[in-house]
1. Pro349 is checked against (1) over 24 Å from Met83 (Cβ atoms); (2) surrounded by fewer than 19 Cβ atoms within 10 Å (Cβ to Cβ) and fails just one. What number does that condition carry?
2. Taking the condition of being under 20 Å from the mean Cα position of the chain (by Cα), at pLDDT 95 or above and among the hydroxyl-bearing types (Ser, Thr, Tyr), how many residues in segment 329-379 meet it?
3. Would you confirm whether or not segment 235-250 contains a residue that is more than 30 Å from Val171 (Cα to Cα), of a type in the set (Val, Ile, Thr) and surrounded by 21 or more Cβ atoms within 10 Å (Cβ to Cβ)?
4. Only residues that are touching a Ser or Thr at 6+ places or on another chain (Cβ under 9 Å) and farther than 17 Å from Ile512 by Cβ: list them for segment 238-259, please.
5. Among the residues of segment 364-386, which ones are within 30 Å of Ala61 (Cβ to Cβ) and either out of contact with any Phe, Trp or Tyr (no Cβ under 9 Å at 6 or more places or on another chain) or charged (D, E, K, R) (or both)?
6. Would a scan of segment 66-82 turn up a residue that is β-branched (Val, Ile, Thr), closer than 23 Å to Arg362 by Cα and outside the structural domain of Tyr612 (by TED's automatic domain parsing)?
7. Select from segment 216-235 the residues that are in contact with a Ser or Thr (Cβ under 8 Å, 6 or more places away or on another chain) and under 22 Å from Gly158 (Cβ atoms) and list them in ascending order.
8. Would you confirm whether any residue within segment 21-31 is aromatic (Phe, Trp, Tyr), part of a helix (DSSP H, G or I) and over 25 Å from Tyr178 (Cβ atoms)?
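The values are calculated or read from the model by the stated rules, or taken from the named source; none is laboratory data. The structure presented is a predicted model; accordingly, all values stated were derived computationally and were not measured. Here Cβ is always computed from backbone atoms with ideal geometry, including for glycine, and neighbour counts include all displayed protein chains.
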Amino acid sequence: MTPTDAVNDADLRVLAMCVFHLTGDRRWLEPPFAPARDVRLIADESAGLDEAAARELRSTAAALCDAEPAVVDPGDELMVEMMSVCLGERVPDEYAPMMREELGFATRDVSWPTDATPAAEVGRALIVGAGPSGIAMGVRLDRLGIPFTVVERSSRVGGVWRDNRYPGCGVDTPNHAYSFSFAPSNRWSRFFAPQPEIEDYLRRTADEFGLTDRIELDTTLVGATWRADEQRWQVDVAGPTGTVERREYRYLIVAIGQLSDPVVPEIDGRSDFLGEQFHSSCWPEDLDVSGKRVAIIGTGASAMQIAPTIAEQVEHLTIVQRSPQWARPIPRYHDAMPPGSTWLFEHLPFYAAWFRFTMLWRYGDGLLPHLRKDPDWPHPERSLNRVNDRHRQEMADHISAELAGRPDLVERCTPTYPPYGKRILLDNGWYSMLRRSNVELLTGSVARLDADGLVVADDADEPDRHVDADVIVFATGFDVAAMASRLDIRGRGGRALADVWADDDPRAHLGITVPGFPNLFCMQGPNTGLGHGGSAIFTSECQARHITACIAAMAERDATSIEPTTTAHDGYVERVDAEHERLIWTHPGMETYYRNRSGRVVSVMPWRLVDYWSMTHDADPDDHLFESAVGFDGGSTVSG
């Protein structure tokens, strides 16, 4: 493909930024080349430019593919101007430092203190989990010079993208936002790539950054205990043969995330069912559902991807819904990435970076202000504020249009709680699938299983209904509240993290550290999930930056351990809870896995992405306790 051909597929918002970088000529930031504002999730590539301006921009860009850039790092002030021009809307100043890092214009790496003990001599780190968070952490530790090992309970890297292999599995965040800022642009086949591509991307990233040789597969952390006298974590790991080995590490980093422990509800008769039954995250690789009767329990994110994918193959599909979900229409969800765009990602300087920016912005903080409760809003039972009510009406109209002529389905599919109160879902052909003659949606709960299927108790006091099934899929989510406490981790005085986080109530400073557990760092920990949009890889990179900043802060003080003060920890948790009281996820009209049994929000954060980036970027010494021990060395292995 030639540059002239490739630019015909270009997003002109992005192309204008590239031409400015390469020429330094401000005319490319001004009319007639300034893009129009477009709030669609995937914007029109023409960017509102007239034909003459578009032609001139394309031809100029095609001639510049091998040019040396006039502007590499715009700096904060120019970055704000460029972002605002690119989007056709004002971008607040505080986003400039964050986006410069995200786009690779400024480094995200922590520097090792000049006069401190060399990094390689301050002790080893153990990372538990080789999913996206573990990979991000390994790369940052390697760049800082900290030796580390990764243990992974599975036989492959990839985390949730290794485990979840069900039909239709894919991202609900565009891939150019759901990717590592430090890695080269990947050749994605679509805007929203399917699971195999994401798993392959994670595996190749681990290979390309030299992590694979440091990952011990089929190896499980059995337990970890803080040894205060030696200022180390004493850990027991079970290898592929089951033999338990005792080791010592200076730092323990848990990167198992919130979605690694599937939940299957306790239902009478499960052992009686003669067909196949499994959680959606454990989909058998050799399973063929063609011509079979399939029952899916649950209507969350996994079910919304599975059902439309298999509906044409099965004899009959029954979906058991506890409560309906709001889902946004997502035009172009299945669109292939244009070949010219793929070429530009790889050959035109800055194109991949600015395309990443447009996706990060549109899937980022824009929604959060509209998820705040308006105390004067007259309809708090159905929505939070005027904009939230408009979003509700738009989604309700979409449901009515998709299910026209089926008032029974419209009633069952329209939630009563405000939109975005649960995880944001995308209409991946869900509503049109429900209209099929071989698909049935039942509202209620599963009373029991028997040899031939399941019995559904209807919520409307209708008689129990028996559903014949050959395959039962539990799309029933994960135990998000346990997080790192599902591991046997014991801090000062032998206190178990499971006891500190008892009653499904995990709490951590910045979602990362816990008083009484020195040198323990959690990734994707309490209140770090994203309920308003954004990328989990973004938060993983924020956390990896903060953890390396903590280690560097220790080195500056010749310390061997770091932990948050109780004051800093408790103050942060109080701010989290207070902010959540003003937001949608504490609305009383719904149940969500974001909350624990007592109603406290424990999964998602209440902050904008830029706020969390700022909070985690550095380690405030006033928020931490440092302890020093004399004569420490690197991590070692002790026979056990």
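1. The failed condition is (1).
2. 1
3. Narrowing segment 235-250 to residues more than 30 Å from Val171 (Cα to Cα): 235-250.
Those left that are additionally of a type in the set (Val, Ile, Thr): 235, 237, 241, 243-244.
Within this subset, residues satisfying the condition of being surrounded by 21 or more Cβ atoms within 10 Å (Cβ to Cβ) are 235, 237.
Within segment 235-250, one or more residues are more than 30 Å from Val171 (Cα to Cα), of a type in the set (Val, Ile, Thr) and surrounded by 21 or more Cβ atoms within 10 Å (Cβ to Cβ).
4. If the condition is that a residue be touching a Ser or Thr at 6+ places or on another chain (Cβ under 9 Å) and farther than 17 Å from Ile512 by Cβ, then Ala238, Gly239, Pro240, Glu245, Arg246, Arg247, Glu248, Tyr249, Leu259 are the ones that fit.
5. Asp365, Gly366
6. Here is the first cut: in segment 66-82, the residues β-branched (Val, Ile, Thr) are 71-72, 80.
Now narrow it down to the ones that are closer than 23 Å to Arg362 by Cα: 80.
The next check asks that each one be outside the structural domain of Tyr612 (by TED's automatic domain parsing); those that pass are 80.
Yes.
7. Glu216, Leu217, Asp218
8. Here is the first cut: in segment 21-31, the ones aromatic (Phe, Trp, Tyr) are 28.
Cutting the leftovers down to part of a helix (DSSP H, G or I) gives us 28.
Subsequent filtering for residues that are over 25 Å from Tyr178 (Cβ atoms) retains 28.
Yes, the conditions are met somewhere in segment 21-31.
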